[in-house]
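The structure under discussion appears below in the form of structure tokens.
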There are 6 protein chains.
Amino acid sequence: MKIKLINPNTTARMTETMAICARAVAGAGTEVYAATSSMGPPSIEGWYDESLALPGLLAEVAAGEREGMDGYVIACFGDPGLFAARELARGPVIGIAEAAMHAASVIAPSFAVVTTLARTTGMAWHLAERYGMTRFCRNVRATDVAVLDLDRPGSAARRLIADECRRALEDDGADAIVLGCAGMADLARAIEDEIGVPVVEGVTAALKWVEALAGLGLATAKRGEYARPLAKRYDGPLADFSPRDA
Amino acid sequence: MKIKLINPNTTARMTETMAICARAVAGAGTEVYAATSSMGPPSIEGWYDESLALPGLLAEVAAGEREGMDGYVIACFGDPGLFAARELARGPVIGIAEAAMHAASVIAPSFAVVTTLARTTGMAWHLAERYGMTRFCRNVRATDVAVLDLDRPGSAARRLIADECRRALEDDGADAIVLGCAGMADLARAIEDEIGVPVVEGVTAALKWVEALAGLGLATAKRGEYARPLAKRYDGPLADFSPRDA
Amino acid sequence: MKIKLINPNTTARMTETMAICARAVAGAGTEVYAATSSMGPPSIEGWYDESLALPGLLAEVAAGEREGMDGYVIACFGDPGLFAARELARGPVIGIAEAAMHAASVIAPSFAVVTTLARTTGMAWHLAERYGMTRFCRNVRATDVAVLDLDRPGSAARRLIADECRRALEDDGADAIVLGCAGMADLARAIEDEIGVPVVEGVTAALKWVEALAGLGLATAKRGEYARPLAKRYDGPLADFSPRDA
Amino acid sequence: MKIKLINPNTTARMTETMAICARAVAGAGTEVYAATSSMGPPSIEGWYDESLALPGLLAEVAAGEREGMDGYVIACFGDPGLFAARELARGPVIGIAEAAMHAASVIAPSFAVVTTLARTTGMAWHLAERYGMTRFCRNVRATDVAVLDLDRPGSAARRLIADECRRALEDDGADAIVLGCAGMADLARAIEDEIGVPVVEGVTAALKWVEALAGLGLATAKRGEYARPLAKRYDGPLADFSPRDA
Amino acid sequence: MKIKLINPNTTARMTETMAICARAVAGAGTEVYAATSSMGPPSIEGWYDESLALPGLLAEVAAGEREGMDGYVIACFGDPGLFAARELARGPVIGIAEAAMHAASVIAPSFAVVTTLARTTGMAWHLAERYGMTRFCRNVRATDVAVLDLDRPGSAARRLIADECRRALEDDGADAIVLGCAGMADLARAIEDEIGVPVVEGVTAALKWVEALAGLGLATAKRGEYARPLAKRYDGPLADFSPRDA
Amino acid sequence: MKIKLINPNTTARMTETMAICARAVAGAGTEVYAATSSMGPPSIEGWYDESLALPGLLAEVAAGEREGMDGYVIACFGDPGLFAARELARGPVIGIAEAAMHAASVIAPSFAVVTTLARTTGMAWHLAERYGMTRFCRNVRATDVAVLDLDRPGSAARRLIADECRRALEDDGADAIVLGCAGMADLARAIEDEIGVPVVEGVTAALKWVEALAGLGLATAKRGEYARPLAKRYDGPLADFSPRDA
């Protein structure tokens, strides 16, 4: 089975870390293809960044279809372009926020999201609503660590994140934690050990879930909203993105 | 990895069919242990049946903990005893309605449930709400086929179910189907081929999801609502169920 | 009019206290039949306890039908087996959480529930949702008094409960209190006097409401979800619970 | 116990019918005081009518407080002035829509409202939402019978209402009926016999519920939103309504 | 274009302040007709006050129709009689809470309402729900300044309001403020300058929105719930309010 | 006042029609600047099209800030890039679906959306939810007219749309219509005349509302989610979109 893990920002070292995490949990027959977007923002920290990350992300999904991928992970906690990617893909496409929230909701009565910048907490609430997860989500908490500082040597990031997780348990009554950034993929187990409740990380959760869905033979519904884009000719610098008939 | 598939009714031939379906999708390292409840109703078709199915179900979960199970599938579409089972289990416990609804919600914009008796449609709506899935669920439709007639030789069950699925697509605008009974596990692929949209079946979906969660090292949160039952001495014929300190 | 008050746990002295409270408010023509479950947990403090309380509870409802009861009160704040009991009963069946929340919602713009153990607060929220009462419920607060300590001589329970009620008024903006445990039935008036807002207690509220509904000639709807259980033969130690045709 | 039943429209013959229905179900110690509003609309069929019914209604509540009433029924299905009346009253105040919806929600999994004019169906939905009852309410159906035609000799009203009830059972999947007009108080039992599911009528339901609440010693919360109106001097023709200090 | 601004309380100096604010933002061709209710409460601080403000308000709308008004602003934050007024009016009728909440919801991800007395916060929440604005409304905060003290010389009102606004930003995470009383109309700009986030005031917001809607040629829908009141004869002192055929 | 109307698709003749409609309702002091996106899809009929329309749209907003625009209308019914545009803009930014739904919700108790292709109805429901408008929206109906066929000479579009509007009134009980495509801007008045209920069209509604908000001096909140994008260097062909410090 071939699963493509797409980092929709352009920072290759984040892709590498995520690929290592994903491969560590992948099943015997699963090949993880990790791709870094070739254009747009190096980190996604708001709606504008997210909007400009979409062309690069969708180019990777379109390429993935030509490469025969069986499914996709969108590896940014805003799950950018999820529905658009589903229009392109035959197999399942899962966002890491979606996977993490769903997983947390079945192993704990409630969870809190711990993320990077305060300006992105609204985006996480939008996703929780879109996936039906608001009833499980006690809070979305920001650490005000920038995405690209997460793995800076000497960064206090892990400490700040663990502290915020503890506040989520105590002040919000959460029973589990969802880490709210793809850049936190390699921190989950250490923080879980430290705080003593399940810590769900989306990159690995999404990889396993795509594996499960593809293993079930389930594909994206091609009736209605996720049908292939209608063939038409796009204009200007984006002409290469023009959808063609299948 | 050892996953226990528990049929909470006492009809062994349903367990056998489900075990075959589950094993057909299980990963290389997964052992599926299929168990049939040793007491209570032979089919679950209402709240009363479900209530009396709980002791038998929970006995199997308790036994499973002694047997070293890594996770559980509750194989009845009402997901009976799900939260109680989570109190007992260390690993993940997934209900087949829960797994099927979650899976359908990530491969299609919406789904409809097609189930057995009209009297159980309210139960399915309760579950959709509990899992945050009402926003995806267009309708819950009954075929008025009794559970134990599903695999009766010569039964019109498959025809009736496929017809109801088609009505869900046309009248409700659903984009995928969730089969609403464990007894329909072996019908999914044939109906999918017939109606041309994804048909999600919960036994296999739950098996794969428990596999995924256990593969991620995620366990049930033991803080709060899913903590182990408090040790106390039960009375009368149910004394054997008394929770003990871990 | 004959109303059966069923304590679904096996602790007879709690039944006695509740019966005294219920009889103190019962109308002239009402006979209160108080019954203690003959099997299962001595107190209900979680989903597992609740599941194992169901056979004992439902046995009392089934007996009640043979005894000609006009209605039932399920006297545990988790309202265990409410829908299953409605399948068995001809007359109305009311849970004490249901009665207390409904009553509080018509005499005050909002209420808070004050209950025993933190692990049960999620159960109270489930009930609030099931009854449409989340819009009135400001908070569910735990005192961490165990159910069976409520009436222990010298217990600080009443003090702890009254303090938590005050916090609900001040911190949550609640305008009334719902006591969240059948074992608090005899504390309501004293706490109300102390804190100066309405304190609603479910055992008495449910008794009066069953009386009212039965007095109106209203019975449980036997169409659909609350229809009598289908006749079938249960297996093993629970065979005696097999539903028979009416 | 003294309960005041207030008809907020000025049609005395409707009050008389309602008083007969209410007294037929009242408990031994209950005196029903039936009052007809002395000003405003003879029937309430929209928001404007309802607005102009409020002074007459509130005058009756204010008088009731001087007369020592223990509780009030607001006997119009729009429950006009319910919150304002609660500011005035010491005892409980219940609207007939509120009582009927609450009662229907505990004896059936779902109900439909059958009311008079189509223009008032939105008002019934507003009430269902305000009371948390939307989850139980399958539909609000109009018969387009005018309020004052309900008891016209030779009227087809009862036939039209019963037919609409049947459609609610068949097309909406409702399991019980709520009659949506005070003028239907005397039709409930006959229609119930005819259609074979519980038919809940608000005048009697509200009377019994006020009786129950007052019997429990529960009064309207005087903290917050339902506190007595602040003393101030009203101007013009409404000066007599000026609230005074208690 | 003729827009009538109706103050539903009887305090003329509040009307004058509001008229000045409204005229300051009105477009070139807009005439603002400011009217003070001729009967009822001098300030609206609860449901009872609001109920008795309705006749005076509706008399002004009825007069407005005879005067050829193109639209109406109901200038009290409880938006009293909004739906009843829409039954009377041909043109658009907007409440100031409605206008302010809608405006705040399109310039900020969330807002908090800062109002006068604590007893009215529930009323603001009712409106937020009625308009679909709960998802944007982080909190409703009371300053416990009485309506008629807002413009008392030497009053600390502005200081108290600005302080409460700051708490809304810090403690509730609101991104904008809605001032919750018509009497605060002239404070908005000064507080906005002070706290540095948008402060929306309803009188001006409603005036501009009625202007916009009327400029679009949009009128109140006369189908269904907002159809003209049915002609009938009212009784007693309110006979003058009897609706007549158009 | 300078308002920029941005057509996020590349079809200039749609922009021209919209500009004519917008200028016809604009106030005396308002200059309408109409812009057509310079890159991406010629029509937006799904999530993929919408994603690729974002760069062109955001380029126009960024240019608008340099041009001193006081506000923006996003003139496509999917309201693409609304939140991202708000990060860029100082003044108000309104989507045409947002404006139309808000306007419809204040002149009618309910509305239905009548749009182009069935595959986009889910997008309209997403918007209704995001704006709090689901409670007013009875249905979203597709005509299966393609966007670019709307103004094709001899097209049956207007007939098909009017017919669908009538079905919305009769079958869904809607009281007003929202036209669900920018390409329908010039049809609103004719259809309104034909069907006799208010027909709200978003381009003009949004123009008037931006005018109103800007006239009130209200700007987009720059605290939190709508703060300016963080300065960073974008990669590849999208480098020109890199946000810079203000």
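The values are calculated or read from the model by the stated rules, or taken from the named source; none is laboratory data. What you are looking at is a predicted structure, and each value in this text was computed from that prediction instead of being measured. Note that each Cβ is placed from the backbone with ideal geometry, even for glycine, and that neighbours are counted across all protein chains shown. Note: areas computed on protein heavy atoms with side chains; ligands, DNA, RNA excluded. Shrake-Rupley method; radii C 1.70, N 1.55, O 1.52, S 1.80 Å.
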Looking only at the stretch C:118-149, filter to residues that are in a helix (DSSP H, G or I) and more than 25 Å from D:Ser110 (Cα to Cα); which one of those is farthest from the other protein chains (Cβ to nearest Cβ)?
C:Asp149
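Just give me the residues in the stretch D:199-219 being touching a residue at least 24 places away in the same chain (Cβ under 8 Å) and assigned to a loop (DSSP other than H, G, I, E, B), in sequence order.
The answer is D:Leu218, D:Ala219.
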If you check B:Arg167 against the conditions, is it out of contact with any helix residue (DSSP H, G or I) (no Cβ under 7 Å at 6 or more places or on another chain), among the basic types (Lys, Arg) and in a loop (DSSP other than H, G, I, E, B)?
no
Residues that are away from chain C (no Cβ under 14 Å) and aromatic (Phe, Trp, Tyr), drawn from the stretch B:189-246:
B:Trp209
Which of the residues belonging to the stretch E:35-50 are hydroxyl-bearing (Ser, Thr, Tyr), touching a strand residue (DSSP E or B) at 6+ places or on another chain (Cβ under 9 Å) and either facing another protein chain (nearest Cβ under 7 Å) or open to solvent by less than 10 Å² (accessible area, probe 1.4 Å) (or both)?
E:Ser37, E:Ser38
Residues that are crowded, with 24+ Cβ neighbours inside 10 Å, outside the structural domain of B:Leu216 (by TED's automatic domain parsing) and touching a strand residue (DSSP E or B) at 6+ places or on another chain (Cβ under 7 Å): does the stretch B:71-87 have at least one?
no
Do we have F:Leu160 as among the hydrophobic types (A, V, I, L, M, F, W, C), open to solvent by 30 Å² or more (accessible area, probe 1.4 Å) and away from every other protein chain (no Cβ under 11 Å) here?
yes
Search result, residues across the stretch B:99-149 that are of a type in the set (D, E, K, R) and in contact with a Gly (Cβ under 8 Å, 6 or more places away or on another chain)
B:Arg119, B:Arg135, B:Arg138
Out of contact with any helix residue (DSSP H, G or I) (no Cβ under 8 Å at 6 or more places or on another chain) and open to solvent by 30 Å² or more (accessible area, probe 1.4 Å): which single residue out of E:Arg66, E:Arg90 fits that description?
E:Arg66
Residue by residue through the stretch E:1-13, note down the ones that are open to solvent by 10 Å² or more (accessible area, probe 1.4 Å) and among the aliphatic types (A, V, I, L, M).
E:Met1, E:Ala12
Out of the residues in the stretch A:1-58 that are β-branched (Val, Ile, Thr) and part of a loop (DSSP other than H, G, I, E, B), state the one that is nearest to F:Pro243 (Cα to Cα).
A:Ile44
Report yes if A:Leu117 is under 17 Å from the mean Cα position of the chain (by Cα), surrounded by fewer than 24 Cβ atoms within 10 Å (Cβ to Cβ) and modelled with pLDDT under 95, otherwise no.
yes
Please tell me if B:Thr134 is polar (S, T, N, Q), out of contact with any His (no Cβ under 7 Å at 6 or more places or on another chain) and open to solvent by 30 Å² or more (accessible area, probe 1.4 Å).
yes
Go through (1) in contact (Cβ under 8 Å) with a residue 24 or more places away in the chain; (2) surrounded by 24 or more Cβ atoms within 10 Å (Cβ to Cβ) one by one and return the number of the condition E:Ala227 breaks.
(2)
Residue under question is D:Ala112, and the condition is that it be among the aliphatic types (A, V, I, L, M), open to solvent by 20 Å² or more (accessible area, probe 1.4 Å), outside the structural domain of D:Val210 (by TED's automatic domain parsing) and under 26 Å from D:Ile177 (Cα atoms); does it hold?
no
Go through the stretch C:199-217 and give me each residue that's open to solvent by less than 10 Å² (accessible area, probe 1.4 Å) and out of contact with any strand residue (DSSP E or B) (no Cβ under 6 Å at 6 or more places or on another chain).
C:Gly202, C:Val203, C:Ala205, C:Ala212, C:Leu213
Does C:Val61 meet the test of being in a helix (DSSP H, G or I), at the interface with chain D (Cβ under 9 Å from one of its Cβ atoms), of a type outside the set (Ser, Thr, Tyr) and surrounded by 23 or more Cβ atoms within 10 Å (Cβ to Cβ)?
no
Out of (1) farther than 19 Å from A:Glu225 by Cβ; (2) buried (at least 22 other Cβ atoms within 10 Å of the Cβ); (3) charged (D, E, K, R), what's the single condition that is false for F:Arg141?
(1)
Considering the stretch E:73-92, residues that are more than 8 Å from chain D (Cβ to nearest Cβ) and not in a loop (DSSP other than H, G, I, E, B), and then whichever is nearest to D:Tyr48 (Cα to Cα), we arrive at E:Ala85
Among the residues in the stretch A:189-198, are any in the same structural domain as A:Val145 (by TED's automatic domain parsing), open to solvent by less than 20 Å² (accessible area, probe 1.4 Å), touching a residue at least 24 places away in the same chain (Cβ under 8 Å) and among the hydrophobic types (A, V, I, L, M, F, W, C)?
yes
Within the stretch D:220-242, can you find the residues that are assigned to a helix (DSSP H, G or I) and closer than 25 Å to D:Pro92 by Cβ?
D:Gly224, D:Glu225, D:Tyr226, D:Phe241
Hits in the stretch B:14-32 (condition: surrounded by fewer than 18 Cβ atoms within 10 Å (Cβ to Cβ) and either free of Cβ contacts under 8 Å to residues at least 24 places away in the same chain or outside the structural domain of B:Leu88 (by TED's automatic domain parsing) (or both))
B:Glu16, B:Arg23, B:Ala28
Out of curiosity, is B:Ala103 part of a helix (DSSP H, G or I), assigned by TED's automatic domain parsing to the domain that holds B:Asn7 and in contact with a helix residue (DSSP H, G or I) (Cβ under 8 Å, 6 or more places away or on another chain)?
no
Hey, any hits in the stretch C:132-142 for a residue that's within 26 Å of C:Ile20 (Cα to Cα), in contact with a helix residue (DSSP H, G or I) (Cβ under 7 Å, 6 or more places away or on another chain) and modelled with pLDDT under 95?
no
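To keep it simple, each residue is scored yes or no on (1) in contact with a helix residue (DSSP H, G or I) (Cβ under 6 Å, 6 or more places away or on another chain); (2) touching a residue at least 40 places away in the same chain (Cβ under 8 Å).
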| position | (1), (2) |
| --- | --- |
| B:Ile3 | yes, yes |
| B:Ala34 | yes, no |
| B:Trp47 | yes, yes |
| B:Glu98 | no, yes |
Given (1) within 11 Å of chain B (Cβ to nearest Cβ); (2) within 15 Å of the chain's Cα centre (by Cα); (3) surrounded by 24 or more Cβ atoms within 10 Å (Cβ to Cβ), identify the lone condition not met by C:Pro55.
(2)
